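To start, the structure itself, in structure tokens.
The values are calculated or read from the model by the stated rules, or taken from the named source; none is laboratory data. Note that the coordinates shown come from a computational prediction; the quantities given were computed from them, not determined experimentally. Here Cβ is always computed from backbone atoms with ideal geometry, including for glycine, and neighbour counts include all displayed protein chains. Ligands, DNA and RNA are stripped out before the accessible areas are found, and what is left, the full protein with its side chains, is counted by its heavy atoms. Shrake-Rupley method; radii C 1.70, N 1.55, O 1.52, S 1.80 Å.
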Amino acid sequence: MTDLQDAARRVLSANDRGGYTVPTPRLYPFQWNWDSAFVAMGFALFDVERAVTELEWLVRGQWADGMIPHIVFHQPSDSYFPGPDVWRTPHTPVPTSGITQPPVFAMALKAILDAARQKKVQLEPGRIARLFDAALAFHRWWYAARDPDGTGLVALLHPWESGSDNSPAWDAALARVPVTTTTPVRRKDTGHVDAAMRPRDEDYARFIHLVDLYADCGWDPVEQWRRTPFRIADIQTTAILARAGEDLAAVADGLGRTDEASEIRAMVVRSRTALAGAWRDALGRFVSRDLVSREDVTAPTQASFLPLLALDLAPARRDAAEREMRGWCEGLAVAFPSTPRSSPHFEAKRYWRGPVWAVINWLLIDGLERNGLAEFAADLRQGTVAAIERVGFCEYFDPVTGEGCGGEGFSWTAAAYLHFTAMSART
Ligand code: DGY
């Protein structure tokens with residue numbers, strides 16, 4: 001093990017709260033949904049039991065309808081806004097937020113089982129069956145609550161559900177959302193991190209309006225779907241869901257759950273077909289769809305290429321996507337940018353409006369490899385590893401200068417480092 005791999009493991013231990021891992025202290029003092037899935041995949045490389053525990057703690061927050069919330073508030077903390085008093089969700093005994101996050105969960109479950117097999121670690125079958133059931137309920141929830149018309153693309157009802165909170169992809173839809181007049185916005189994030197790296201106050205006022213609206217709907221998914229001004233059929237989330245579905249179906253096979261495996265595969269087929277239909281030749285990338293305005297979301301962001309994770313592109317499309325992606329990387333200190341530098345919305349240090357995120361690279365690299373673009377995948381992996389080795393386990397990177405931004409000692413960056421360096425050792 002290298003010194004940096006040891007340091008990455010120490011980041012995970014420092015952020016361990018006795019079974020679950022916070023993304024970083026103070027800025028994010030609870031358990032976050034997709035953060036924990038990546039963290040579990042990091043743990044799986046050296047402590048399979050601990051990886052299982054990470055998912056089990058997340059499932060403590062799962063709702064009766066299958067939704068796994070984006071935050072589980074295991075312990076109180078006053079260093080974060082909005083806390084449980086703002087969410088006002090009915091979940092007990094552990095309070096949670098009322099929205100979700102990208103469903104990386106089943107990818108993590110499969111990675112854990114693969115690691116256990118490889119390392120010959122015996123996991124208690126009941127624990128795995130419970131995690132499988134939780135993942136299956138989560139996938140069913142996505143299709144029932146977020147794709148009631150059966151299009152194959154699942155919808156987000158809040159920018160936070162994308163994990164890419166203030167992406168330019170949401171600008172037009174968010175402009176329709178009023179600013180809150182009911183809940184005072186008492187931001188804590190800008191006390192921990194430079195405000196220039198975070199979403200703007202106006203974004204927060206709209207984020208919180210949506211929380212107020214959904215609390216007013218009693219967190220009923222049908223009512224939320226009906227009343228929301230923000231409803232986006234999202235390619236990034238759908239690609240992750242489809243890929244996680246492939247993994248979940250493989251887990252179902254391993255558990256002998258044949259009927260469920262077929263059910264999951266049918267969901268995956270529906271999503272893959274819909275993702276393929278979201279390609280736009282004129283742009284050389286994929287687009288999400290605003291279900292309120294009924295328009296394509298054409299703002300270029302990292303999401304434009306996430307469908308590679310779940311699709312096997314025909315050569316012409318694959319080459320066009322690669323050309324476009326390589327164009328976005330030109331002249332950058334580190335890639336892949338969450339918004340291309342050529343966009344008028346590009347901001348090198350502001351959260352999801354330009355910066356590079358190691359876990360997005362993780363997914364893109366997986367998608368590039370799946371599509372036979374191994375050389376590009378290796379470049380991206382080496383670039384990410386080099387960026388982390390230069391500036392440490394920061395939340396994200398300025399693509400122009402390579403500087404580390406946002407929170408420090410960040411769990412998912414440490415997990416990504418462990419994953420990438422383990423991959424390099426294999427190749
Ligand atoms: C935040 O608070 O910044 C989160 O991204 C919302 O989950």
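A few notes on this one:
- In order through the range 37-53: 3J(HN,Hα) via Karplus (6.51 cos²θ - 1.76 cosθ + 1.60), integer Hz, x for Gly, Pro: 5, 5, 4, 4, 5, x, 4, 4, 6, 9, 8, 4, 4, 5, 5, 4, 4
- Charge dipole (the chain, unit charges on Cβ, about Cα centre) - positive-most of A215, L109, T298: L109
- Amide H contacts under 5 Å for I232: L156, L291, restricted to partners 5 or more places along the chain or on a different chain, H placed in the peptide plane at 1.01 Å from N.
- Under a 5 Å amide H cut-off, with hydrogens placed 1.01 Å from N, S288 pairs with I235, V297 among residues at least 5 apart or on other chains.
- Each residue of the range 125-141 was assigned a 3J(HN,Hα) from its phi angle through the Karplus curve 6.51 cos²θ - 1.76 cosθ + 1.60 (θ = phi - 60°); the sequence is x, x, 5, 5, 4, 5, 5, 4, 4, 5, 5, 5, 4, 5, 5, 4, 4 Hz, with glycine and proline shown as x.
- Positive-pole candidate from S167, P93, L45, dipole of the chain, charges at beta carbon: L45
- Local electrostatic count at L308 - Lys and Arg +1, Asp and Glu -1, tallied over other residues with Cβ under 14 Å: +1
- The helix-based estimate of mean residue ellipticity at 222 nm for the chain, built from -39,500 (n - 2.57) per DSSP H run of four or more residues and divided by its residue count, is -15500 deg cm²/dmol to the nearest 500.
- Note: relative contact order over the chain, using C-alpha pairs below 8 Å and six or more positions apart, is 17 percent.
- Electrostatic bookkeeping for A205 treats Lys and Arg as +1 and Asp and Glu as -1; over the other residues with beta carbon under 13 Å from its beta carbon, the sum is 0.
- Under 12 Å, Cβ to Cβ, from W142 - net charge with Lys/Arg +1 and Asp/Glu -1: -1
- Separation of the range 1-65 and the range 266-319, taken as the distance between their Cα centroids, equals 31 angstrom.
- In the context of the full set of protein chains, the chain has a per residue accessible area of 37 Å² (1.4 Å probe).
- Distant-in-sequence amide contacts of T100, defined by a placed amide H-H separation under 5 Å and a gap of 5 or more residues or a different chain, comprise H70.
- Cα gyration tensor shape of the range 312-427, rounded if a/c is under 1.5, else prolate or oblate by comparing a/b with b/c: oblate
- The orientation-averaged projected area of the convex hull spanned by the Cα atoms of the range 1-134 comes to 8.4 nm².
- Charges were assigned to the Cβ only: +1 to each Lys and Arg, -1 to each Asp and Glu. The resulting dipole of the chain about its Cα centre is roughly 120 debye.
- Computed over protein heavy atoms with a 1.4 Å probe, the carbon and sulfur contribution to the accessible area of the range 312-427 reaches 48%.
- ³J(HN,Hα), Karplus 6.51/-1.76/1.60, whole Hz, each residue of the range 86-101, x for Gly, Pro: 7, 6, 6, 8, x, 5, 9, x, 9, x, 9, 6, x, 10, 10, 8
- Note on K120: lysines with a C-alpha under 26 Å away, same-chain residues under 8 apart excluded, are K110.
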